[in-house]
Amino acid sequence: MSGRSVCALAVALAVLAGSAGCGGGTASVAWKGRPRSGPVEGGQMLFGTLVNRSARPLALRAADVRVLDRRGRELPAAAAFSGGYNAGIALRGFGAEMFAAAMPSAGDGANVDLAPRATVPLSVSWNGAAVVVEVAGARLTLH
């Protein structure tokens, strides 16, 4: 193997190793740090920060955030681009109310345009045994 080939292989392996952290390989978004999650009455809540790892802006919709169980089945969930509980968007009430459909008038926290390398807080509530939060096609593991 030539020196040039070895160098190219080393660079490729370094890129793969660097992107293999929490949040997946070549996904456009990833967790920045470790999200916090825990039980609430009637389900679970997660507070985390997303980072745009792509070279282009991303238009994210909270309505497109999905929570999946070990078998890949979607669980009842609600999400908002907010750093905490926001009763007017998606994380409302307790029990069954927490997982109700988003209110049509909810604008703040429902959508976000995320520039490259920018971050945004994400709050998610769900009911069931989740292992993954899916955002913009990226499957972000729950630790």
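The values are calculated or read from the model by the stated rules, or taken from the named source; none is laboratory data. Only a predicted model underlies this, so the values are computations on that prediction, with no experimental measurement involved. Accessible surface areas use protein heavy atoms only, side chains included; no ligands, DNA or RNA. Shrake-Rupley method; radii C 1.70, N 1.55, O 1.52, S 1.80 Å.
Surface calculation, 1.4 Å probe, protein heavy atoms: Asp64 sits at approximately 80 Å² accessible. Ligands, DNA and RNA excluded, the heavy atoms of Arg53 present near 90 Å² of accessible surface to a 1.4 Å solvent probe.
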